[in-house]
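Read through the structure below, which is laid out as structure tokens, and then see the notes.
The values are calculated or read from the model by the stated rules, or taken from the named source; none is laboratory data. Every value quoted in this text rests on a predicted model; they were computed, and no experiment measured them. Neighbour counts run over all protein chains shown; Cβ positions are idealised from the backbone, glycine included. Note: accessible area is taken over every heavy atom of the protein model, side chains too, but ligands, DNA and RNA are not part of it. Shrake-Rupley method; radii C 1.70, N 1.55, O 1.52, S 1.80 Å.
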Amino acid sequence: MASRYDRAITVFSPDGHLFQVEYAQEAVKKGSTAVSKQRLTADARVVINRARVECQSHKLTVEDSVTVEYITRFIATLKQKYTQSNGRRPFGISALIVGFDDDGIPRLYQTDPSGTYHAWKANAIGRSAKTVREFLEKNYTEDAISNDNEAIKLAIRALLEVVQSGGKNIELAIMRRNQPLKMFSAKEIELQVTEIEKEKEEAEKKKSKKSV
């Protein structure tokens, strides 16, 4: 049944599916797991370049920087247009868009291939995102992000739920207001992973003593 409707972007199947958009969403699910945008695919480069131009244009026109929600809405609108135009396919990417507005409050938004966007406190996209998201929903608290180190640990612990070989397959960056994005070295990540594993072992020992 799908083959009759999956060639046209703007044609719905009888049961209400827009297959080209669903194919793009499936491509996102097979991508690398990310807890806040990873891997510059061809689609991502196009979206990022368009967003950069929009940021510069906005700054020149109104002399103010865009808000995080403004550029998120721009990206979402761009994606949505590609689900309605003949001769184009939807962008096969989701994005976690992070930044600070003038009030100093960090913002996090997610966009998906259909052109929708949502605000989050913590989120994940890509392969096994559901598992990571469930971990964040269970463990995210104000205390868990009370400082940079605790927030970093929470992100690594979430990724360790689905990442094999410990810190070897983790890339990590932290964004602070009015500072360049800081990428962590492999050694820094391994130190964090070692500390997390040690804390986990100690917690399990205490749990075993209580049960005796």
Review point. Inside region 28-68, can you point out the residues that are open to solvent by less than 70 Å² (accessible area, probe 1.4 Å), closer than 18 Å to Q110 by Cβ and either outside any helix (DSSP H, G or I) or at pLDDT 95 or above (or both)?
Key: G31, S32, T33, A34, V35, S36, Q38, T41, A51, V66, T67, V68
Revision key, fill the gap. For region 69-89 the number of residues that are loosely packed, with under 15 Cβ neighbours inside 10 Å and over 23 Å from L108 (Cβ atoms) is 6
